[in-house]
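Remarks on the structure that follows.
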Amino acid sequence: MQQTDEGLFATEDQMDDYTEQVPEIQTEKYLIFSSDGLMYGIKAEQVKDIITDYAITYVPHVPNYVKGVINLRGQIIPMVDIRLRLGKLPKDNFCGIVVDVDGNMVGLLVDMVEKMVDVPLDSILPVPTTNSQATVSGMWTLPDGNTMLELDSELLLHE
C-alpha cells in the first residue's frame, strides 16, 4: 500500500488506475537555432549533422540564397543561407546544419545553433499565412520567454 495525495492509502491496483488517468503529453525534439535575431526550430529527426569548418564551392545559375555546395564525407550538399532565403542581409560567420528533406541532404547556414528542446506538440500554434512567412509552419513560446518559429524545411526549398 502507498499513501496518496489525500493522505489515504491505496493498493497497487488502485495506484495503477490513478496513473493511467493522467494524460501523457506528447512532445517532439527540436533543434533551436538563431538567424537575424529570431529563434527557429527544426525537428531533430531531420538533423543529420552540425558543421562549422567547411569550404563552400560556388555554383552558377542557382538562386542567390544557395551559397554553393560542400563535400561532406563524399556527399555533395547544397548550402542554403537562411538569412538570404528569408529576405534578410547576409552575414559572414555561419554555422551549418545538415538536414534531410524528403531524402535529400541540404545544408542550412544559420547564425548560431542554440540548443535541443522537447516541445509539447499541442502547444505549437499556427502562424498567420503571409508570403513572408512561407517557410514557417508554426510557433511556440520557449521556457525563457522567446518565441520559436517552426521552420518548414520542405517549403524552404521551393520558390
(request) Ignoring everything but the protein chains, give the 1.4 Å probe accessible area of Tyr54 in square angstrom, nearest 10. (result) 60 Å²
(message) Just the number please: accessible area per residue for region 22-69, 1.4 Å probe, all protein chains included, in Å².
(response) 63 Å²
(message) Give me the one-decimal nm value for the distance between modelled label points at Asn64 and Asn146, 7 Å along each residue's Cα-to-Cβ direction.
(response) 2.7 nm
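Add +1 for every Lys or Arg and -1 for every Asp or Glu among the other residues with Cβ under 12 Å from the Cβ of Lys29, and state the total.
Working: positive: Lys43, Lys115; negative: Glu28, Glu45, Asp118.
Summing Lys and Arg as +1 and Asp and Glu as -1 gives -1.
Take a quick pass over region 18-88 and tell me how many lysine pairs come in under 20 angstrom between Cα atoms, counting only ones 8 or more apart or on separate chains. Show your work: numbers first, answer last.
Values: Lys29/Lys43; Lys29/Lys48; Lys48/Lys67; Lys67/Lys88.
The number of close lysine pairs in region 18-88 is 4.
The values are calculated or read from the model by the stated rules, or taken from the named source; none is laboratory data. Keep in mind the model is a prediction, meaning the values are calculated, not measured. In this analysis, Cβ positions are derived from the backbone assuming ideal geometry, glycine residues included, and neighbour counts consider all displayed protein chains. Side chains are part of the model used for accessible areas, which takes the heavy atoms of the whole protein and leaves out ligands, DNA and RNA. Shrake-Rupley method; radii C 1.70, N 1.55, O 1.52, S 1.80 Å.
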